[in-house]
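Chemist: Please read through the structure below; I'll follow up with questions.
The values are calculated or read from the model by the stated rules, or taken from the named source; none is laboratory data. Bear in mind the structure is a predicted one, so any value in this text is a computation, not a measurement. Cβ atoms come from the backbone with ideal geometry, glycine included; neighbour counts cover every protein chain shown. What goes into the accessible areas is simple: the full protein's heavy atoms, side chains included, and nothing from ligands, DNA or RNA. Shrake-Rupley method; radii C 1.70, N 1.55, O 1.52, S 1.80 Å.
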Amino acid sequence: AARRLGAGEEVTITYGEHSNGHFAQYYGFVPRRNQWDSLTLPLSHLVDLLDANALLPTGRALDVDPSTRLELRAPVPHPQTFEVVRSLLAVGPLEPTDANTASILSALCAMRLSRFETDADADARLLAGPDLAADMRLLVV
């Protein structure tokens with residue numbers, strides 16, 4: 001305890017600032033509301049989105065490590081994710097402003113969510129694919 005407790009005083013615990021995947025893997029439950037929840041996506045998802053909307057120049061090599069993973073957090077994106085998106089926008093026709101970066105991240109989330117289905121066959125395909133982090137596989141039911 002951080003301080004001396006009196007008889008009958010309530011004792012509480014904090015599990016820390018973790019994603020829902022972390023809670024599921026290490027504690028066996030997922031909080032209903034979690035401001036620290038996050039989703040990690042491969043850079044290829046962002047590049048696909050930008051390519052599909054003609055927001056990247058064709059034939060130009062990108063100055064971003066292809067193994068980069070993008071962390072999307074519930075309250076705000078991870079600062080590194082924001083900078084990766086901004087750097088990709090800088091080589092295309094869209095100005096790399098905060099608003100445009102946020103719009104791209106929003107579209108990336110919408111694209112990712114549109115890929116989720118609720119039937120058992122879709123879950124099996126998701127589990128068999130390479131895009132799902134190991135700790136997130138626990139949440140597919």
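Chemist: Sort through S38, S44 and tell me the only one that's touching an Asp or Glu at 6+ places or on another chain (Cβ under 7 Å) and either hydrophobic (A, V, I, L, M, F, W, C) or surrounded by 10 or more Cβ atoms within 10 Å (Cβ to Cβ) (or both).
Modeler: Answer to the selection: S38.
Chemist: Six or more apart or on different chains, Cβ atoms under 7 Å: show the pairs whose first residue is in the stretch 44-69 and over 15 Å from P96 (Cα atoms) and whose second is among the basic types (K, R) and surrounded by 13 or more Cβ atoms within 10 Å (Cβ to Cβ).
Modeler: These pairs meet every condition: H45/R112.
Chemist: For the stretch 66-80, give me each residue that is open to solvent by 80 Å² or more (accessible area, probe 1.4 Å) and at pLDDT 80 or above.
Modeler: S67, R69, P79, Q80
Chemist: Can you find, within the stretch 18-47, the residue that is farthest from T81 (Cα to Cα) among those that are polar (S, T, N, Q) and not in a helix (DSSP H, G or I)?
Modeler: N34
Chemist: Let me ask something else. Hey, among the residues in the stretch 88-101 that are open to solvent by less than 50 Å² (accessible area, probe 1.4 Å) and part of a helix (DSSP H, G or I), which one's nearest to E71 (Cα to Cα)?
Modeler: Going through the qualifying residues, I end up with T101.
Chemist: Then there is this: Within the stretch 114-130, identify whether any single residue is of a type in the set (S, T, N, Q), surrounded by fewer than 12 Cβ atoms within 10 Å (Cβ to Cβ), out of contact with any Phe, Trp or Tyr (no Cβ under 9 Å at 6 or more places or on another chain) and modelled with pLDDT under 80, and answer yes or no.
Modeler: yes
Chemist: Of everything in the stretch 11-33, what is under 16 Å from the mean Cα position of the chain (by Cα), surrounded by 16 or more Cβ atoms within 10 Å (Cβ to Cβ) and not hydrophobic (A, V, I, L, M, F, W, C)? Give them in sequence order.
Modeler: Within the stretch 11-33, H18, S19, N20, G21, H22 qualify.
Chemist: Yes or no: L108 surrounded by 14 or more Cβ atoms within 10 Å (Cβ to Cβ) and touching a residue at least 60 places away in the same chain (Cβ under 8 Å)?
Modeler: So L108 passes the test.
Chemist: Open to solvent by 40 Å² or more (accessible area, probe 1.4 Å) and in a strand (DSSP E or B), is that true of L62?
Modeler: no
Chemist: When the stretch 1-10 is examined, which residues are found to be open to solvent by less than 100 Å² (accessible area, probe 1.4 Å) and either touching a Cys at 6+ places or on another chain (Cβ under 9 Å) or among the aliphatic types (A, V, I, L, M) (or both)?
Modeler: The one that is open to solvent by less than 100 Å² (accessible area, probe 1.4 Å) and either touching a Cys at 6+ places or on another chain (Cβ under 9 Å) or among the aliphatic types (A, V, I, L, M) (or both): L5.
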